[in-house]
Amino acid sequence: MTQSPTTISIDNIVEQDAESVLIWIKNIFSDQATKPQEFNWLLLADVSSAKARKGQNGSGLCDRKWAEVATTIYDYLANEAEHKKIGSGESFTISSMMLRAGAIAKVGVISDHPVLDVNLILQWFWDNIKESREDVEKKAANWQTLPIAEIRELRQLKNRLKIIAALADSDKYVLDEKLNTWLHLREKLP
């Protein structure tokens, strides 16, 4: 990636191999390289995610390196949104975790891998649980009467559970009983 920051385009980047792109973005995100001005990071993440899902040579198997490019960018965007207080960054995190779950469903679990470590998803899920399952179930039963902020929280939980469902639907990971009880709440949430 020898182009100047002002001439870099998404097309030029995705023509590179994933390893080179990953090194480039990691250097930028760690301030070891100049960040391109007004660069569309979300588009690069989405294109990288599509390349990951398509697999190498259209195989349908997950391309791990493109998945790592995408999750690195999504995670960066989520952290930036939180840090700059320009939103929760939740949608970026959901994209990152959904890609991880999809990759695990195709390839399997690999401990300590930046994409394929199921513990990244599980830790994120549990870190975002703020109430007991019983309290959430009570709220879900009457969600139409709740304040909008609480309805939004329930919807975020449903989005997180969609990722857990993607893991459960695969034959690569078996949910424990506690996680299964949370998953059963999904259909009751707004």
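The values are calculated or read from the model by the stated rules, or taken from the named source; none is laboratory data. Quick caveat: nothing in here was measured; it's all calculated off a predicted structure. As a convention, Cβ positions derive from the backbone with ideal geometry for all residues, glycine included, and neighbour counts pool all protein chains shown. In case anyone asks, the SASA skips ligands and DNA or RNA and just uses the protein heavy atoms, side chains included. Shrake-Rupley method; radii C 1.70, N 1.55, O 1.52, S 1.80 Å.
Specify the residue that is farthest from SER132 (Cα to Cα); the eligible residues are those in the stretch 181-190 that are touching a residue at least 40 places away in the same chain (Cβ under 8 Å) and assigned to a helix (DSSP H, G or I).
Looking at the filtered set, the residue picked out is LYS188.
Need pairs with beta-carbon distance below 8 Å; first residue under 21 Å from ILE94 (Cβ atoms) and within the stretch 127-155, second open to solvent by 70 Å² or more (accessible area, probe 1.4 Å) and in a helix (DSSP H, G or I); sequence gap 6+ or separate chains.
So the pair list comes out as LYS130/GLU153; ALA140/LYS188; GLU150/TRP143; ILE151/TRP143; LEU154/TRP143.
Does the stretch 115-128 contain any residue that is part of a loop (DSSP other than H, G, I, E, B) and buried (at least 18 other Cβ atoms within 10 Å of the Cβ)?
Yes, that holds for at least one residue.
Hey, any hits in the stretch 58-77 for a residue that's open to solvent by 50 Å² or more (accessible area, probe 1.4 Å), over 19 Å from the mean Cα position of the chain (by Cα) and of a type in the set (S, T, N, Q)?
Yes, the conditions are met somewhere in the stretch 58-77.
Would you be able to tell me the number of residues in the stretch 160-175 that are open to solvent by less than 50 Å² (accessible area, probe 1.4 Å) and either among the β-branched types (Val, Ile, Thr) or outside any loop (DSSP other than H, G, I, E, B) (or both)?
8
Kindly establish whether LYS178 is assigned to a loop (DSSP other than H, G, I, E, B) and of a type in the set (Lys, Arg).
For LYS178, the condition - assigned to a loop (DSSP other than H, G, I, E, B) and of a type in the set (Lys, Arg) - is not met.
Take PHE92 and decide whether it is among the aromatic types (Phe, Trp, Tyr) and over 14 Å from the mean Cα position of the chain (by Cα).
no
Working carefully through the options ALA101, ALA141, find the one that is at negative phi and more than 18 Å from the chain's Cα centre (by Cα).
ALA141
Could you check the stretch 84-101 and list, in sequence order, the residues that are at pLDDT below 95 and either surrounded by 18 or more Cβ atoms within 10 Å (Cβ to Cβ) or touching a Phe, Trp or Tyr at 6+ places or on another chain (Cβ under 7 Å) (or both)?
GLY89
Residues checked against (1) in a loop (DSSP other than H, G, I, E, B); (2) surrounded by 16 or more Cβ atoms within 10 Å (Cβ to Cβ); (3) touching a helix residue (DSSP H, G or I) at 6+ places or on another chain (Cβ under 9 Å):
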site	(1), (2), (3)
GLU19	no, no, yes
LEU22	no, yes, yes
LYS26	no, no, yes
ASP31	yes, no, no
LYS35	yes, no, yes
LEU43	no, no, yes
LYS51	no, yes, yes
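Taking the options THR181, THR145, name whichever one is modelled with pLDDT of 95 or more, more than 25 Å from ALA52 (Cβ to Cβ), among the hydroxyl-bearing types (Ser, Thr, Tyr) and in contact with a Lys or Arg (Cβ under 8 Å, 6 or more places away or on another chain).
THR181
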